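The values are calculated or read from the model by the stated rules, or taken from the named source; none is laboratory data. All of these numbers come straight from a predicted model, not from anything done at the bench. Methodologically, a virtual Cβ is constructed for each residue, glycine included, from the backbone with ideal geometry; neighbour enumeration extends over all protein chains shown. Ligands, DNA and RNA are stripped out before the accessible areas are found, and what is left, the full protein with its side chains, is counted by its heavy atoms. Shrake-Rupley method; radii C 1.70, N 1.55, O 1.52, S 1.80 Å.
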Amino acid sequence: MAEAKWYVVHTYSGYENKVKANIDKAIENRHLEDEILEVRVPMQEVVELKNGVQKASMKKMFPGYVLIHMVMNDDTWYVVRNTRGVTGFVGPGSKPVPLTDAEMAPLGIQKEELVVDFEVGDTVTVTAGAWEGTVGAVQSINMQKRSLTINVELFGRDTPVEIGFAEVKKM
């Protein structure tokens, strides 16, 4: 299988979050989780001075653009290109050009080797988010998405829930 790379998608201005949500939904519906790994709208914290009061807010780093970490093939290209709000990939003609590691470095998105001490069957406690305090058994580990799937009890049934590595600790 080809290696996943970061690509830039041009969107209608103001549609970045809608495009992200639509692509995430298409990934789920078409089961492309292993091919389209991550969709990001890069944000940065900006301190504004309004009426003499400093206020921190999040602003889009690149209005009109969305970053996608994906394996480029005909299926993934079609799904992204035909998403409502997408005008096209950044690159000459219809050929998307992946970002280089040097271009990714200032964005704070870098390749790093991750060592995880979780294994399938381990019991973990969720430390943040909506499932905080929940205990569950690890069912699967996705290194690319940096997440675990754990079973939690919901309405008397075991329900699989995907949780990021940073949100759990081993018991």
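Calculate what fraction, in whole %, of the accessible area of the chain sits on carbon and sulfur atoms when a 1.4 Å probe is rolled over the protein chains.
Details: 5500 of 11070 Å².
Here carbon and sulfur together make up 50 percent of the probe-accessible area.
Give the peptides 47-54, 136-143, 64-71 in descending order of average Cβ contacts within 10 Å, highest first. Could you put the intermediate results ahead of the total?
On the way: 47-54: 7.4, 136-143: 15.4, 64-71: 20.5.
Descending packing order for the listed peptides: 64-71, 136-143, 47-54.
How large is the charge dipole for the chain, taken about the Cα centre, if only the Cβ atoms of Lys, Arg (+1) and Asp, Glu (-1) carry charge, to the nearest 20 debye?
Working: 19 positive and 24 negative charges, 183 e Å.
The dipole of the chain has a size of about 880 debye.
Which lysines have a Cα less than 20 Å from the Cα of K59, not counting those fewer than 8 places away in the same chain?
K18, K20, K50
Could you state the accessible area per residue of the stretch 16-79 in Å², with a 1.4 Å probe and every protein chain left in place? Each step should come with its number before you reach the end.
Values: 4090 Å² over 64 residues.
Per-residue value: 64 Å².
Rounded, prolate or oblate: which one fits the stretch 31-171, using the alpha carbon gyration tensor with axes a ≥ b ≥ c (rounded when a/c is under 1.5, else prolate when a/b beats b/c, else oblate)?
Working: a/c = 2.08, a/b = 1.33, b/c = 1.57.
Because a/c hits 1.5 or more and a/b fails to exceed b/c, the stretch 31-171 counts as oblate.
Among the lysines, select those whose C-alpha is under 26 Å from the C-alpha of K170, and discard any that sit fewer than 8 residues away in the same chain.
K111, K145
Under 19 Å between alpha carbons, and skipping anything fewer than 8 positions from K55 in its own chain: which aspartates and glutamates qualify?
Those aspartates and glutamates meeting the cut-off are E45.
Can you tell me which of 153-160, 25-32 comes out highest on packing, and rank the rest after it, using the mean Cβ neighbours within 10 Å?
Result, highest mean Cβ count within 10 Å first: 25-32, 153-160.
Helix-only estimate, please: 222 nm mean residue ellipticity of the chain, summing -39500 (n - 2.57) across DSSP H runs of length 4 or more and dividing by its residues, to the nearest 500. Working shown, then result.
Numbers: 3 runs with 27 residues, N = 171.
That calculation yields -4500 deg cm²/dmol at 222 nm.
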